[in-house]
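This report concerns only the one structure given below.
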Amino acid sequence: MESSLHLSEIFIYPIKSLGGISLSEAFVEQRGLQFDRRMMLVDEYGIFITQRDFPQMALLKTRIADNHLFVIHSTFNQSIILPTNPDDKTSSERIKVIIWNDACEAIKVSKEADEFFSDMIGIKCSLVYMPGEEFRLVDPERKYVSENHPVSFADGYPFLIIGQSSLDELNKRLENPLPINRFRPNFVFTGGQAFEEDKWKDFLIGDIRFKAVKPCARCVITTTDQQTAERSDEPLRTLSTFRRNENKVLFGMNLITYYHGKVKVGDKIILL
């Protein structure tokens, strides 16, 4: 039977909690899509910072061109150009950083980057990069993944998928419909029923096999307008009326893969 499920959007977030990039195709690695959340900002103690505490991070937009990452502040009209692979520079300074309960080794990108982001966000911070040999594990305590599996600086798992039907169902219940960027997925798909991704196990996107491991618990970042950085109580208020489970509000599904390869918008999704 012909699959009615198709990959409709792909997003990466090169610097954790900054603006994302919409792609027509992307390369899949075990720790996440290529370039996805391989960089993040840390405070002067090496602890990661996100839009949870600094919603103004949403105003920093990103794009990749000519093997460089461009970051532009949407209201200050200031920008910086960064390397996409800072660990190509063997002399880079390495520091210990903390993300949730994990301690990782990271590379400081540059003094220029630290000064730029400190100015843009308003606190002293540093931009760091995860070197290729660093092996941070997916959320090991929850036992959703029995074996060691790598992840970038994403919160817990390498990939997040959301059905367009799920967003449409939520938006029917909201006074002001919201765009998908509130939820920062890697993959969006069309077809199927609202929230059917909750029940997925193993599936293919094109030729690449993924495993759905747990629903994604949502935080205050979803209430941050990604264009203005303003906060409201939606969508968490409405989601909590019909998507609450054990005091968590769930929307989207976390994934892992054991494979490498390319996915592209329009790929069929086949449930296995």
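The values are calculated or read from the model by the stated rules, or taken from the named source; none is laboratory data. A quick note: this is a predicted structure, and the numbers were derived from the prediction, not measured. All Cβ positions, even for glycine, are placed from backbone atoms using ideal geometry, and neighbour counts span all protein chains on display.
Odds and ends about this structure:
- With a requirement of 2 or more residues that are under 26 Å from S165 (Cα atoms) and free of Cβ contacts under 8 Å to residues at least 60 places away in the same chain, the strands (runs of 3 or more DSSP E) lying completely within segment 1-70 that satisfy it span 21-23.
- The set of residues from segment 179-238 being outside any strand (DSSP E or B), touching a residue at least 24 places away in the same chain (Cβ under 8 Å), aliphatic (A, V, I, L, M) and within 30 Å of H73 (Cα to Cα) comprises I180, V220, I221, A229.
- Of all residues in segment 180-203, those satisfying the criterion of being farther than 21 Å from R37 by Cα and either among the charged types (D, E, K, R) or surrounded by fewer than 17 Cβ atoms within 10 Å (Cβ to Cβ) (or both) are T190, G191, Q193, A194, E196, E197, D198, K199, K201, D202.
- For segment 204-223, filtered to residues that are of a type in the set (A, V, I, L, M) and within 20 Å of N245 (Cα to Cα), the residue that is surrounded by the fewest Cβ atoms within 10 Å (Cβ to Cβ) is V220.
- Flag if T90 is more than 30 Å from E197 (Cβ to Cβ) and either assigned to a loop (DSSP other than H, G, I, E, B) or modelled with pLDDT under 95 (or both): yes
- Members of segment 42-58 that are within 15 Å of H73 (Cα to Cα) and either at pLDDT below 95 or crowded, with 21+ Cβ neighbours inside 10 Å (or both): Q51, M57, A58
- Residue satisfying all of: in segment 1-40; among the acidic types (D, E) and farther than 19 Å from N181 by Cα; modelled with the highest pLDDT among these: E29
- Looking only at segment 59-77, and only at residues there that are under 23 Å from P131 (Cβ atoms) and either surrounded by fewer than 21 Cβ atoms within 10 Å (Cβ to Cβ) or of a type in the set (S, T, N, Q) (or both), the one that is farthest from the chain's Cα centre (by Cα): D66
- Within segment 112-135, the residues that satisfy the criterion of being closer than 18 Å to I72 by Cβ, touching a residue at least 60 places away in the same chain (Cβ under 8 Å) and aliphatic (A, V, I, L, M) are M120, I121, L127.
- Looking across segment 13-27 at every residue that is aliphatic (A, V, I, L, M) and buried (at least 21 other Cβ atoms within 10 Å of the Cβ), the one that is nearest to T222 (Cα to Cα) is identified as L18.
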